[in-house]
Every structure is written in C-alpha cells, then in structure tokens.
Amino acid sequence: MALALETIRERVGQRKQWYHTLELAPGVITPGWFDLRTVAPQVLPVSLAGKRCLDVGTFDGFWAFEMEKRGASEVVAVDIVDPRAWDWPITAGDELVQILEDRKQGGAGFPIAAEAFDSKVTYKECSVYDLDEAEVGRFDFVFMGSLLLHLRDPIRALECLRGVCASDGIVCTMDAIDPTMSVLFPRRAMATFDGDGRPWWWMPNIAAYARMVKAAGLEPIGRPTPVRLPRGGGHPIVKPSRKVLMNREGRRLLAATRKGDPQAWIHSRPVAI
Ligand SMILES: C[S@@+](CC[C@H](N)C(=O)[O-])C[C@H]1O[C@@H](n2cnc3c(N)ncnc32)[C@H](O)[C@@H]1O
C-alpha cells in the first residue's frame, strides 16, 4: 500500500544523511550526496523488461530502483551494512569509520525508499567477494557503481561479478577514473594509488579501466564512457580559497564540486573460458 506523503516526508527528514538523491514521492526528494538522476539514462538500457538484475553496493538503492523502473522481472540489491567490514587500509583511524557509520546508519535509507516506492527489490547483506552462483543464481544484468575504488582487490570483485552473470548477460560497472591520466595517457594503462587512511585504493585511467575489466574475463562492449557524477543537495560545497587551491586534494574537491566526480562506465560480456 502506498505511504502517505506526510509519512514519507517525515521519514526523509529523520535521516541525517542520504547518499542518493531519490524522488520518493512528488516533490519529496532526499538530499543525497550524489544526484544520479541524469546519469542513469546514459548508463542503463532503456528497457530491462523481463531481466533478472543485480545491484552491488546498493547504499540507498538508487540503481536497484532504476532497474526495477525499467521493467526488470527481479532485482536483487546487495551491500555491506557495517562500514567496518569495508576494505580499509590498516592505517585507517576510527574517526573516518565513524563518519561513514553515521552516513550509513545501518543501511536505513534503503527500506525507507523501498517502502515509499512500493518496491519489490530484494535486499541482501553480502560482500561482492562472496557473491556465489549457488546462492544467488545468475543475472541477465549486473550493475556495480562507485565500488572498485573502495576495494583492495578490484579485479577479484570483477571476477565475482562475472561469476554471477548469465553467459549472454551484461556486466555494467561505473567507477572513478583519473581524468588527467586519461588525457595524458589515452592508450597506456596507468593508475594512481591512494591507500592512505581511507578506503580509496586504485584510480585507473580509462585505458587501465578497460584492461581491468578484460583481466577479469569480461569482454568490453566499446571503450569506457566518461561521465561526471553531479553532486546532490546533501554534499558539502567546497569553495575556492587559498588553502583549497594550495593542495592537490583541495583542487580535486573544488573541480568535483563544480563539474561532478569523474567516472566512466562500461558494459561487458563474460568471456567463455
Ligand atoms: C560509494 S558507495 C556507492 C553506492 C552505489 N553503488 C552507487 O553507485 O551510487 C559504495 C557502496 O558499496 C558498499 N560496499 C563497500 N564494500 C563492499 C563490498 N565489499 N561488497 C559490497 N558492497 C560494498 C558500501 O556499503 C556502499 O553502499
């Protein structure tokens, strides 16, 4: 049964932070960190009618709900609810883990959105590394967004996506890329590395991103397509100042505030081995 507008509004207001911008009812929009509503039509097929779909690392569920809206016969969304179970560098401090726990609030955004949308998406707590065909079956369309960057072993994660994708299915990933390295080295696979106190690991250029997909036994359908992820109403705004402009991270944040976070998406098919 559809929830009353006032109930949805109240539930949206009760959450301190949302990751996704979701229009849960006419005019009731969550103040997300990212607003991917203009990105989804570029990345997802117009129709997923009759397809079994998987969304890995769903957070508030934006991509899972978008797949459901496109007619998927079934959507399964998986995530790790406790940020402590993410791939953290051993040097990470408790402070940042706590910030992420506050943002995640035990994954409370997803059920609020699912009820507001009267959604049939199934939510399952599972790491990408533990996706098992025997347990979840195979999917016609597998989506994973903004997660490779946060994984110590991104190629293994891509292999796990391949392992639950139907032989004629599609794996679609969209993830962070290094825009400067993509321009400077259009053909040479290169990546920058962070691994410094936060769960940020490799940021490939576009050539490396395509190679990562191939290394996992997936055949890219075309080259990765660059896209900018627009920030949502809940994202802190970085303003230009001497301090911001003086360091590389400040300049990166300023550019991302203005233009959106640089990513690329790619569709690929499992290679028969
Ligand atoms: C940066 S958010 C991306 C949210 C969403 N996928 C998107 O593209 O907008 C990363 C998400 O991946 C989840 N996550 C982190 N490590 C994971 C893992 N090993 N397996 C599955 N999900 C994971 C986090 O809990 C979080 O929900």
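The values are calculated or read from the model by the stated rules, or taken from the named source; none is laboratory data. Everything numeric in this text was worked out from a predicted model, so none of it was measured. As a convention, Cβ positions derive from the backbone with ideal geometry for all residues, glycine included, and neighbour counts pool all protein chains shown. Note: areas computed on protein heavy atoms with side chains; ligands, DNA, RNA excluded. Shrake-Rupley method; radii C 1.70, N 1.55, O 1.52, S 1.80 Å.
Please list log₁₀ I(q)/I(0) at q = 0.09, 0.17 Å⁻¹ for the chain, using the Debye equation with identical point scatterers on the alpha-carbon positions. Computed log10 I(q)/I(0) values: -0.41, -1.56. For the chain, the solvent-accessible area of protein heavy atoms averages 49 Å² per residue (probe radius 1.4 Å; ligands and nucleic acids excluded).
Compute the Rg to Rh ratio over the stretch 159-211 from the alpha carbon atoms, using the Kirkwood formula for Rh, and round to two decimal places.
Ratio value, two decimals: 1.07.
For the stretch 87-202, the normalised intensity computed at q = 0.10, 0.15, 0.16, 0.20 Å⁻¹ comes to -0.42, -0.92, -1.02, -1.28 (log10 of I(q)/I(0), Debye sum over alpha carbons, equal scatterers, no solvent). Given their separation in residues at 0.36 nm each and the Cα-Cα distance between them, Ala134 and Thr38 gain 31.0 nm when the chain is fully extended. Modelled spin labels at Asp82 and Ile221, positioned 7 Å past Cα toward Cβ, are 3.9 nm from each other. Placing unit charges on the Cβ atoms only, positive for Lys and Arg and negative for Asp and Glu, gives the chain a dipole magnitude near 1360 debye about its Cα centre. Taking every alpha-carbon pair within the stretch 138-273, the share separated by more than 25 Å comes to 30 percent.
Listed values for the stretch 60-70 are Karplus-derived 3J(HN,Hα) couplings in whole Hz (6.51 cos²θ - 1.76 cosθ + 1.60, θ = phi - 60°), namely 7, x, 3, 5, 4, 5, 5, 5, 4, 4, 8, and x replaces Gly and Pro. Which whole-angstrom value gives the distance between the alpha carbon centres of the stretch 241-261 and the stretch 122-142? Cα centroid of the stretch 241-261 versus Cα centroid of the stretch 122-142: 37 Å apart.
Between the alpha-carbon centres of the stretch 182-210 and the stretch 25-75 there is a gap of 27 Å.
The relative contact order of the stretch 5-270 comes to 20 percent, based on Cα pairs under 8 Å that sit 6 or more residues apart.
Tell me the mean residue ellipticity at 222 nm calculated for the chain from its helices only (DSSP H runs of n ≥ 4, each -39500 (n - 2.57), averaged over every residue, nearest 500).
Working: 11 runs with 89 residues, N = 273.
Helices in the chain give a 222 nm mean residue ellipticity of -9000 deg cm²/dmol.
Excluding Pro220 itself, what net charge comes from residues whose Cβ is under 14 Å from its Cβ, given Lys and Arg +1 and Asp and Glu -1? Once all neighbours under 14 Å are counted, the net charge is +3.
Under 5 Å from the amide H of Phe139 lie the amide H atoms of Cys165, Ala166, each residue being 5 or more positions distant or on a separate chain, with H modelled from the backbone and absent for Pro and chain starts. When you restrict to C-alpha pairs under 8 Å that are six or more residues apart and normalise by the size of the stretch 1-55, the relative contact order lands at 23 percent.
Please go through the residue pairs Lys51/Lys120; Lys69/Lys124; Lys69/Lys259; Lys104/Lys124; Lys120/Lys259 and name each one whose alpha carbons sit more than 24 Å apart in this structure. With Cα atoms farther than 24 Å apart: Lys69/Lys259; Lys120/Lys259. Translational diffusion coefficient of the stretch 1-126 (Stokes-Einstein, Kirkwood radius from Cα pairs, 4 °C, 1.567 mPa s): 84 µm²/s. Bridges between two residues of the stretch 5-270, per DSSP, are antiparallel at a rate of about 50%.
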